[in-house]
Amino acid sequence: RAILTNPDVQLKTPVGDLFNNDYWGTPITSPNSHGSYRPLTVLTFRLNYLACGLKPRSFHLINNLLHSAITYLVYILSSYVLPNRRARLFASLIFAVHPIHTEAVSGIVGRADLLCTLFYLSTILIYIKWIKLGGREQYKYNIKISIMNKYNNIYCHQATTSTYNLCCHEKDRCSLSCLFHIINTSEWTQLSGFKIHLLLTALAGAAMISKETGVTVLLICICIELLHNKVRGPGCPT
């Protein structure tokens, strides 16, 4: 019913109706609606149908590609808890072939679980990296430095998350690129805190509209934050 008789999948309704209907194409406000709100998942079914019609191979191919991407994210996530590369590889391989995932991967409608997990893990990984690399502290430094520069004063600040000195002078205004350079990390961390928060919000939102359980990613991020502060302790650098 989610595919074969779903008008939202078979291009019989405007794209905008995906956000008004449930997983089976019934108006979400209808008493007969199942109440499953997964417009992003339905949109991927619609694109599948647009490209290949109702050929099941195309639907299964997308599911398997999503599962492969999720397995890679599991490998990255395991790097925070497992000591060596071999252990991480073993853990991700177990995840890839574990029979408990059969329904989600082999059942086409299980794509809701796959999409939700993909965005779920992406949100967690970016949030962990943002905390681990001191992104929040650098964002605070940028705000402070902007205030300093308004008064054209000379300041020099030793960053707590890096061995670099951040020196600001009247003739050398500090920019975001200069600020995030002291983290000595990958390029994406050069984004401002506001943009990182927008990215996290978009990923968490995508998880939610893929499957309802995606809303719990917000609770996971809160738990990560609390655990990070507990381990770090008051007054300690990130």
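Just a yes or no: is a residue in the stretch 190-207 more than 30 Å from residue 111 (Cα to Cα), charged (D, E, K, R) and at pLDDT below 85?
no
Could you look through the stretch 1-50, keep only residues that are more than 29 Å from the chain's Cα centre (by Cα) and among the charged types (D, E, K, R), and pick out the one that is farthest from residue 208 (Cα to Cα)?
Filtering the stretch 1-50 for residues that are more than 29 Å from the chain's Cα centre (by Cα) and among the charged types (D, E, K, R), the one farthest from residue 208 (Cα to Cα) comes out as 12.
Which ones in the stretch 107-119 are crowded, with 23+ Cβ neighbours inside 10 Å and of a type in the set (Val, Ile, Thr)?
Hit for the stretch 107-119 is 117, nothing else.
Only one of (1) farther than 25 Å from residue 206 by Cα; (2) at pLDDT 95 or above fails for residue 84. Which number is that?
Condition not satisfied by residue 84: (2).
Does residue 94 satisfy being within 23 Å of the chain's Cα centre (by Cα) and at pLDDT below 95? Walk me through it before giving the result.
On the way: within 23 Å of the chain's Cα centre (by Cα): yes; at pLDDT below 95: no.
So residue 94 does not fit the description; no.
Based on what the data block shows, is residue 122 modelled with pLDDT of 90 or more, loosely packed, with under 14 Cβ neighbours inside 10 Å and under 19 Å from residue 38 (Cβ atoms)?
On the way: modelled with pLDDT of 90 or more: yes; loosely packed, with under 14 Cβ neighbours inside 10 Å: no; under 19 Å from residue 38 (Cβ atoms): yes.
So residue 122 does not fit the description; no.
The values are calculated or read from the model by the stated rules, or taken from the named source; none is laboratory data. Treat the numbers as computed from the prediction; the structure is a model and nothing was measured. When we count neighbours, we look across all protein chains shown, and the Cβ atoms used for this are built from the backbone with ideal geometry, even at glycine.
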